[in-house]
Structures are given as C-alpha cells and as structure tokens.
2 protein chains.
Amino acid sequence: MSEVRLTLEEVRDTAMRGLTKSGISEENAAVIADVMTTAEQDGCKSHGLFRMPGYCSSSRSGRIDGKVTPTLHDDAPGVIRVDGHHGFTAPAMAAGRPVLAEKARSQGIAAMPIMNACHFAALWYDVDALAEDGLVAFAFVNSRSFVAHTGGIRKLYGTNPMAFGWPRPGKPPMIFDQASSASARGEIQIHLRDGHDIPEGWAIDPEGNPTTDPEAGLAGAQLPFGGHKGAAIAMMVELLAVGLTGCKFGFESAQDENTDGGPSEGGELLIAMDPARFGGTGESGAALAHAELLFNEILQEEGTRLPSDRRYAARKVTPTEGITIPKSLYDTILGYCED
Amino acid sequence: MSEVRLTLEEVRDTAMRGLTKSGISEENAAVIADVMTTAEQDGCKSHGLFRMPGYCSSSRSGRIDGKVTPTLHDDAPGVIRVDGHHGFTAPAMAAGRPVLAEKARSQGIAAMPIMNACHFAALWYDVDALAEDGLVAFAFVNSRSFVAHTGGIRKLYGTNPMAFGWPRPGKPPMIFDQASSASARGEIQIHLRDGHDIPEGWAIDPEGNPTTDPEAGLAGAQLPFGGHKGAAIAMMVELLAVGLTGCKFGFESAQDENTDGGPSEGGELLIAMDPARFGGTGESGAALAHAELLFNEILQEEGTRLPSDRRYAARKVTPTEGITIPKSLYDTILGYCED
C-alpha cells in the first residue's frame, strides 16, 4: 500500500484546508484540525486524518452544520451546559471547557453536559486538556446502537466509551479511554475485510448465538466487555450522556439516516474535579504526589504499562519523523481541499 | 445445616443488641443495624447478619472505634468531606449524606470524600438513599490489595467496587454495585471450602500463571473483570477513593494487621447530581421520564433484567416471610449479645 509522509504541520494545514473548503468555519475547523493533528501526533490513527472524509462529507451534505457557534448555559453553580446547535462536538467542547475548569476550581466539582452535537473525536482528547490543567476528569459519550444488553440479542447501547484523566506533576496525565463494547466496531470490519474470524466474545449473530463470523456479528449485535459488568457500564454511559443532556438514546437515533460516514448526534457528559479542593489530602498537590506512589507501584512490575503510555511514546517521535497515511486516503482528502 | 428464621424486626433488634454490647454507640449501631437489616431484606446475605462477627470483634478488639462521632468539613461549595475518625464508614456516610444531597441540589453536582473510616457494608446501600431521593449517584471504595494490574502478578488493587444509582419515578432506583475484580474474594474462598476448581480468568498463582486452583489463586492475585479495561476501572476506583480522600492505597495498608474479620481502613468517594439542574433535559422530571424509555427497551427483551431487580424481588417477600441464617452464625451473634 502506497503511503504519504506528512509533518504534523502539514497534517494540520491539510486538515484546515479540507475542513474550511467543506463549509466548516475557520474557528470550528481550527478546533477539529487540532483534534486530528493531536491524534496523529499520538499515533492514534483511527482518530487522525482517517476521520477527514466523515467531517467533510457530513458538512458538505448539510447534515451537520459546520458553521454554528455553540452557546453556553449556566444551569447551576456546578453545571455549565453547552448547546452544540447540531454541529460537531469538538467546537462545543472547546467553547465550554474553560468555564468547566473555572467551575471545578471554584466549586470543587463541576459537570458539563453537551447537547445537540455530533461526536467524532477521540474521547481521551476531551479529558486531556482538563487533566493537563490539573483537574481530575471523566467523559462519557454515547453512539448509535451496536451492543446488546446481557441476555438480550438486539443492538441497544452504543459502543459507549468512557474516558478518565488524572493529572501527573511534571508528566503528561494518566488517561484511559475505553469502549464499553468488547471490541471497536472498526476492528470487526477490519476482520471482515481481511477474511479473518473474530474472537469469541465480541459479537452474537442476529439469532443471539455466539459467533466468530464478522459478517454475522455486524448483522447481529456486539457484546459488552466483561459480561454483565461491562453491560452495566454501557447502560451507565447511556444514562449519563443522554439522560442528563436531553439527547437521544442510541436506539432512538438508530433509525436516523446516516450514510455520509460522519457521526450521529448524541450527548456527552464531562465531570471535572479539582483535587486541591478535596481537603482530606492535605496541602495542595499532595493528592497528585500521593497518586505517583500508585503509578510507581504499577510500573515497577515488568510487563505493565499505564493506559496512555503508547500515545506518549508516539508523541516523542512524530514531531521529528512525521506520520504516514495511505496514498488513497491522502488523495481523497486532497479532493476535499478543492472547492 | 440447621437454620434459624427471623423477622426483619428481629434482625434489627439482634443486630442492635450485639453491636451495642460490643462497644458501638447507640447512634452508630442504629445506622449499622439498618445496613444489615436492609441487606437481609433485599436477600443480599453477604452483607447481612453474616457481617456481625466482623463489626463486633473489630470494635471489641479496639481496632475500630465504634463510639466516634464523624465530623463534617465544608471544603468547597461542591465538596463536603467526612472524617470518620477511624470508626466504621456507615455512620460517616449517614452523617454526610443529607449535606451531600443538599449540595447536589443547590450546586447541580457535589462530591463527598470519606476519610479515616472502615467500609464494611454493601456499596449499593450508599447510593440507594441518594437515588431514592431523586439524585444520580456514584460511589467508589477501595479495599486491601488482592487484584493484579494487567501484565503484573502482584496484588495491587482492592476488589474496588463502584456503585451507580439512577432514580426511577414511582419505582425503586436502578442501582448496580460491582467489584472491579472478576469475582468476589469470598467466591474463591467458597470454592476452596467446597473443593471445587475456580473458573479460568478469576486468578493467577504466585508465579503469575493462570490457575483454576482456589488455593493458588488466593496465594497469587485475583484478576480484574474484562481484562485491561477492568484493570483501568480498578485503578480509577483506587485513585478516586484514595487519591481524593487522603487515605491509604490498598498496597499501603496491605501490611496493616487485620485478623479480627473486620474491614481495613480505606477511603470512599461519593458523587451526586440533581438531574433537575441539568437544563438540557427540559422541565424537571423529564430526564427521569426519558430514561424509562431505555429501561423499557432493555426489559422488553426476554432474558434481560436490571442490575437491582433480584434485590427488589427479595424485598417483596422478606417483610412477611422473614429471613434465615445458619444456626451456627446465630449462636455466634448471640454470644456478642452478652456482656
């Protein structure tokens, strides 16, 4: 497969050009381009330029409004709500994040529901800036229905990721971002493309039988990770991301037309806490210093790593070596850079 | 096995008598007796009178102070901290809960770190009263180290349960309470007692090899549920329950002497949110009404249930039929009812 090598600056410039040529405002495009550039920087290819066609085509088709300005609603001293006005989530997130951080500092804990927005980015990105800013942060987002409840056979939950970030003094934060499904949907699609069976436990066929056939699994339903406990997490994410934002549950938006490769509309909930306002930990900074003992304890064992370490390893290399994408993807993206 | 049948009133009276005779104050005993009585009422035997010997012996030995009055510290508008002063967590929880609920209503979201307390109760109990009160609630608690990090072989995390409650109009709340280990430690001990192998995936032996031998699993380390994703949840619980409370991580308290069957000291974090303050959901009550659509969607499939349904089924029977406990346990408890 022929590949194209780009510097991170070229990634950002190419993204900006394609997004703005596709009807996304300069301001919104800058935020979205940063999401994709950061993903490429961190070796997270599935959220890098791979997403360009989805952003561009869903803006060009008019299904998602790339020009909207998100609005903020001060619902309560600890709640800042962002209305994305049926645009992409990344600009809504960027508009609300400084207020969420300020509220977390003044109140100790704060929440940010994001409504009427289409999430299409890596969820770790959403907690990254908060954790870099010294805040403990959760993010929960739902998606279209692909995953069955334990004992059920219908697609009910989204792959519903949750992300959690913990700040580390002098280091990038510890962040995990994990789907509540046993596998990403894209992984099943790749197994299908390559003619490989999928592992047991990833999916059931339309009759509810366990299957290793990727086609049957895509037609049936994905399974939550870790059995009924993962299903409980999937349900929790659905309740938090939808129930507290007033958006649509995955099964409610499943029938919405969506063939342009872009995201469906869903909700997102962020929660941020300022450890300095949790007085049991002693002086400011003590909570984070204490947590380093746990991270040290984890890492002193051979064969262990922290969830975000692979991204941070990639981050050391890509600013000098650049990144590569398939030539076919690059050509598609160049097409979006035309009028 | 000979059994004794008790009414729920007898459960409460017996618990009160044994706890107060063991040096626990009337006020604290009333809270702890309610935890055990509610557990028996809900068919949750592992947190019912089964816990009496642990409460009584750890108070009688003086290791845990059953007479302390927890103190509240208003750390921030959204944070109420409870210092349990080295007593049991249940009285600390009871002391702080009304303030947490009031803060959640006034701020939209609030947190309650509990420090210097020994958790020995069902975690669902801690979110139950908040969810019955119309609040969405999380609880996270750590324990002594029993669980390895992915790739590691040492006991590092506690079995670290998290609980989540969502209020339901006109119905008891949806609550799940799940360990981040693949199994409860007690389940492995029961397999050992009965001479049965444990399922694969529950534990590793002291050399880090997968094992189905319960003795080797207890000597080695338990495994998180769902592989690396469960390990991330276990780590998150440890960071929230300890990092934000200033208590000890499981591996730090592992060396504390603890042979009286009672709990070790740890931390707990509660988070409560008032859905009525999340303005995106429309008029008050709309968020909860909307969530009922999701619960209906789950339950319309044959073979599904909500996490708390088994407890609520038991609750319909025990007030009239009473409960049973082994005669040997009852005799032990009667011993604690003496001076």
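When restricted to residues that are assigned to a strand (DSSP E or B) and either modelled with pLDDT of 95 or more or open to solvent by 10 Å² or more (accessible area, probe 1.4 Å) (or both), segment B:108-124 contains 8. Does B:Val79 meet the test of being outside the structural domain of B:Thr14 (by TED's automatic domain parsing) and not charged (D, E, K, R)? The answer is yes for B:Val79. A search for C-beta distances below 6 Å between a residue of segment A:284-299 that is more than 7 Å from chain B (Cβ to nearest Cβ) and any residue that is in a helix (DSSP H, G or I) and open to solvent by 40 Å² or more (accessible area, probe 1.4 Å), counting only pairs 6+ apart in sequence or on different chains, returns A:Ser284/A:Ala276.
The rows are residues; the columns are (1) assigned by TED's automatic domain parsing to the domain that holds B:Lys155; (2) modelled with pLDDT of 95 or more.
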| residue | (1), (2) |
| --- | --- |
| B:Asp205 | no, yes |
| B:Thr212 | no, yes |
| B:Ala216 | no, yes |
| B:Ala219 | no, yes |
| B:Gly246 | yes, no |
| B:Gly250 | yes, no |
| B:Asp260 | yes, no |
| B:Leu269 | yes, yes |
| B:Gly285 | yes, no |
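Scan segment B:264-278 for residues that are open to solvent by 10 Å² or more (accessible area, probe 1.4 Å) and over 26 Å from the mean Cα position of the chain (by Cα) and the total you get is 2. Among the residues here, B:Thr150 does not qualify as open to solvent by 10 Å² or more (accessible area, probe 1.4 Å), under 17 Å from the mean Cα position of the chain (by Cα) and not aliphatic (A, V, I, L, M). Remark: pairs (first residue in segment B:14-27, in contact (Cβ under 8 Å) with a residue 24 or more places away in the chain; second residue β-branched (Val, Ile, Thr) and part of a helix (DSSP H, G or I); Cβ separation under 7 Å; 6+ apart in sequence or on different chains) = B:Thr14/B:Ile333; B:Ala15/B:Thr37; B:Gly18/B:Ile333; B:Leu19/B:Ile32; B:Ile24/B:Ile32. Residues that are within 14 Å of B:Tyr125 (Cβ to Cβ) and not in a helix (DSSP H, G or I) within segment B:37-66 comprise B:Asp42, B:Gly43, B:Cys44, B:Gly48, listed in sequence order. Among the residues of segment B:224-236, those that are assigned to a helix (DSSP H, G or I), buried (at least 24 other Cβ atoms within 10 Å of the Cβ) and more than 7 Å from every other protein chain (Cβ to nearest Cβ) comprise B:Ala231, B:Ile233, B:Ala234, B:Met235. The set of residues in segment A:61-92 that are of a type in the set (Lys, Arg) and either open to solvent by less than 50 Å² (accessible area, probe 1.4 Å) or modelled with pLDDT under 95 (or both) comprises A:Arg63, A:Arg81.
Of note, B:Ala95 satisfies the criterion of being touching a strand residue (DSSP E or B) at 6+ places or on another chain (Cβ under 9 Å), surrounded by fewer than 24 Cβ atoms within 10 Å (Cβ to Cβ), closer than 25 Å to A:Asp274 by Cβ and outside the structural domain of B:Asp42 (by TED's automatic domain parsing). The single residue among B:Lys229, B:Lys327 that is basic (Lys, Arg) and in the same structural domain as B:Leu72 (by TED's automatic domain parsing) turns out to be B:Lys229.
Screening A:Val127 against (1) in a strand (DSSP E or B); (2) among the aliphatic types (A, V, I, L, M); (3) modelled with pLDDT of 95 or more leaves a single unmet condition, (1).
Just checking, does segment B:16-24 include any residue being farther than 21 Å from B:Glu338 by Cα and buried (at least 23 other Cβ atoms within 10 Å of the Cβ)? Among the residues of segment B:16-24, not one is farther than 21 Å from B:Glu338 by Cα and buried (at least 23 other Cβ atoms within 10 Å of the Cβ), which makes the answer no. Within segment A:300-310, the only residue that satisfies the criterion of being touching an Asp or Glu at 6+ places or on another chain (Cβ under 9 Å) and either surrounded by fewer than 15 Cβ atoms within 10 Å (Cβ to Cβ) or at positive phi (or both) is A:Arg310. Across segment B:279-291, the number of residues qualifying as crowded, with 16+ Cβ neighbours inside 10 Å and more than 28 Å from the chain's Cα centre (by Cα) comes to 5. Scanning segment B:311-339 for residues that are of a type in the set (D, E, K, R) and at pLDDT 95 or above, which turns out surrounded by the fewest Cβ atoms within 10 Å (Cβ to Cβ)? In this case the residue turns out to be B:Lys316.
Going through segment A:132-145 one residue at a time, which ones are modelled with pLDDT of 95 or more and crowded, with 24+ Cβ neighbours inside 10 Å? A:Leu135, A:Val136, A:Ala137, A:Ala139, A:Phe140, A:Val141, listed by residue number. In segment A:47-60, of all residues being of a type outside the set (A, V, I, L, M, F, W, C) and open to solvent by 10 Å² or more (accessible area, probe 1.4 Å), the one that is nearest to the chain's Cα centre (by Cα) corresponds to A:His47.
The selection criterion, being more than 8 Å from chain A (Cβ to nearest Cβ) and open to solvent by 40 Å² or more (accessible area, probe 1.4 Å), does not hold for B:Leu218.
Note on segment A:166-215: residues that are open to solvent by 30 Å² or more (accessible area, probe 1.4 Å), part of a loop (DSSP other than H, G, I, E, B) and not β-branched (Val, Ile, Thr) amount to 15.
The values are calculated or read from the model by the stated rules, or taken from the named source; none is laboratory data. Quantities reported herein were computed from a predicted structural model and do not represent experimental measurements. Here Cβ is always computed from backbone atoms with ideal geometry, including for glycine, and neighbour counts include all displayed protein chains. Areas reflect the complete protein model, heavy atoms only, side chains present, ligands, DNA and RNA absent. Shrake-Rupley method; radii C 1.70, N 1.55, O 1.52, S 1.80 Å.
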